[in-house]
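Have a look at the structure below before the remarks.
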Amino acid sequence: MVYTPALVLGHGIPIVSEEDNVVELMRKFLCQITSSDKKYVRRGSIESSEFIKEINSSLDSEMSLDCEERILEQDMTRQIVRCLSEAKESSLQCRILLLPCLLTANVALDVVRSSVGEPCGLRGAFIQVYLETKQGQPLQTLGTITPDPTVTPTFELSVVFKLDKDCWPPLKHIFVIDKVLKLRPQYRLVKKKLYSSASPVIHEFC
């Protein structure tokens, strides 16, 4: 976005450009043409008013959805951070867990979007959090997240974080007390609809 300096002459004196003069002349010309047909002018004003109301209603709806999604994302981010924090001292047994910038926020947003179209939305999710230490090996369970315990889950989401192995010693020394672990920016989401024979949907995020 480029900002240009505003030119102000005097105090309270409006600056009228040539374009403003042309617009004013056109407005007067149109008023003279339409003054002989007041019904047409009235009809046009009603249609314009209804059109503006329709646009405003649409914008309000989109803003409401964006706001709701943002609230769900922020709450989910907090729950994911809490889950990782608890896993750090339990299943991971490490002193420090390093996360890439915006990792938890990105995961939370994708979790929220995965719930779109579900009967109960995000409230009907049962989320399991895992850590992939090496492809082909069993996943390390980090914890579970239930957005609304009062709702019977309608779908299951598996969030799979990936360990940054290049920075650390061999795997046999990974889960050692006082160790520092680091997660990669990449992760995987696996969505499985409960009470359905549909195959799980896997999304890889880079």
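The values are calculated or read from the model by the stated rules, or taken from the named source; none is laboratory data. None of these values were measured; they are calculated from a predicted model. Cβ: placed from backbone, ideal geometry, glycine included. Neighbour counts: every protein chain shown. With ligands, DNA and RNA removed, areas are computed over all heavy atoms of the protein, side chains included. Shrake-Rupley method; radii C 1.70, N 1.55, O 1.52, S 1.80 Å.
For the cross-link pairs Lys88/Lys193; Lys88/Lys165; Lys162/Lys193, the ones whose C-alpha atoms lie over 26 Å apart are Lys88/Lys193. Counting only protein heavy atoms and a probe of 1.4 Å, the accessible surface of segment 62-205 is 54% carbon and sulfur. A 1.4 Å probe run over segment 62-205, with the rest of the protein chains in place, finds 57 Å² accessible per residue.
3J(HN,Hα) along segment 128-145: 10, 10, 10, 10, 9, 8, 7, 4, x, 8, x, 6, 8, 6, 9, x, 10, 10 Hz, from the Karplus curve 6.51 cos²θ - 1.76 cosθ + 1.60 with θ = phi - 60°, whole Hz, x for Gly and Pro. Please list, ordered by chain and number, the residues whose modelled amide H lies under 5 Å from the amide H of Gly143; skip anything fewer than 5 residues away on the same chain. Long-range HN contacts for Gly143: Val129. Short-range pairs are left out: with C-alpha atoms under 8 Å and at least six residues apart, the relative contact order of segment 62-205 is 24 percent. Note that segment 184-201 has calculated 3J(HN,Hα) couplings of 7, x, 7, 7, 9, 10, 10, 10, 10, 6, 7, 6, 8, 8, 5, 6, x, 9 Hz, one per residue in order, obtained from phi through the Karplus relation 6.51 cos²θ - 1.76 cosθ + 1.60 (θ = phi - 60°); glycine and proline are x. Taking label points 7 Å from Cα along the Cα-to-Cβ direction, Lys192 and Phe205 give a separation of 2.0 nm. Beta bridges per DSSP, both residues in segment 62-205: antiparallel share near 60 percent. Net length available on complete extension from Leu102 to Ser85 is 4.5 nm, with 0.36 nm assigned per residue and the Cα-Cα distance removed. For segment 59-132, the equivalent ellipsoid derived from the Cα gyration tensor has semi-axes of 28, 14, 9 Å, listed largest first.
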